[in-house]
1. Treat every Asp and Glu Cβ in the chain as -1 and every Lys and Arg Cβ as +1, leave all other atoms uncharged, and give the resulting dipole magnitude about the Cα centre to the nearest 20 debye.
2. Could you list the residues of the stretch 63-101 with an amide nitrogen less than 18 Å from a label point located 7 Å from the Cα of ILE32 in the Cα-to-C-beta direction?
3. Just one of (1) 0.96; (2) 1.36; (3) 0.93 is Rg/Rh (Cα atoms, Kirkwood Rh) calculated from these coordinates, so which is it?
4. Can you give the angle from 0 to 90° between the axis of helix 86-99 and the longest principal axis of the chain, with both taken from C-alpha atoms, to the nearest 10?
5. Could you tell me the relative contact order of the chain? Use alpha-carbon pairs under 8 Å, at least six residues apart, and round to a whole percent.
6. Which Cα, out of SER91, THR52, LEU67, lies furthest along the positive dipole direction of the chain (beta carbon charges, K/R +1, D/E -1)?
7. Count neighbours as other Cβ atoms within 10 Å of each site's Cβ, and list the trypsin sites (Lys or Arg not before Pro) in the stretch 1-38 that are DSSP loop with at most 14 such neighbours.
8. Count of lysine pairs in the chain with Cα atoms under 14 Å apart, counting only pairs 8 or more residues apart in sequence or on different chains?
Amino acid sequence: MVLCAASSYEKKYFLDPFCDRLPQSVKDELKIMCTLFVEEVGGVLTIEYDETDESLYLRTHSDEGDLLYDEVGSGLLIKKIQNSKQELLESLELYCKTFLK
């Protein structure tokens, strides 16, 4: 399940309606985090919840032939986000575990 996504190609941000019950500050923080990510490294970033293993994943990809996409930078930036936004991501994962049962 894709909870939110940002695309450097379409200059768009998506937040699943499932997340409407989240506090506005959390929704704002997710939007800022995702849009800054794609502005820095390009491509597409998705935050996904896998119901089978009840885990949250940050995934990134690019269009084929996109020479501006920074694959190494995206991996480093995801690790940085996972460390600096650990509490936010853990809370989002708990929210999904609680309300998707």
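FYI, it's all coordinate maths here, none of it is from the lab. Model, not experiment: these values are computed from the prediction. For neighbour counting, all protein chains shown are included, and Cβ atoms are generated from backbone atoms with ideal geometry for every residue, glycine included.
1. In total the dipole reaches around 340 debye.
2. In the stretch 63-101, the label zone of ILE32 (backbone N under 18 Å from the point 7 Å along Cα→Cβ) covers 78, 80-92.
3. (1)
4. On a 0 to 90 degree scale, this one is about 50.
5. 26
6. About the Cα centre, the residue reaching furthest to the positive side is SER91.
7. LYS11
8. 4
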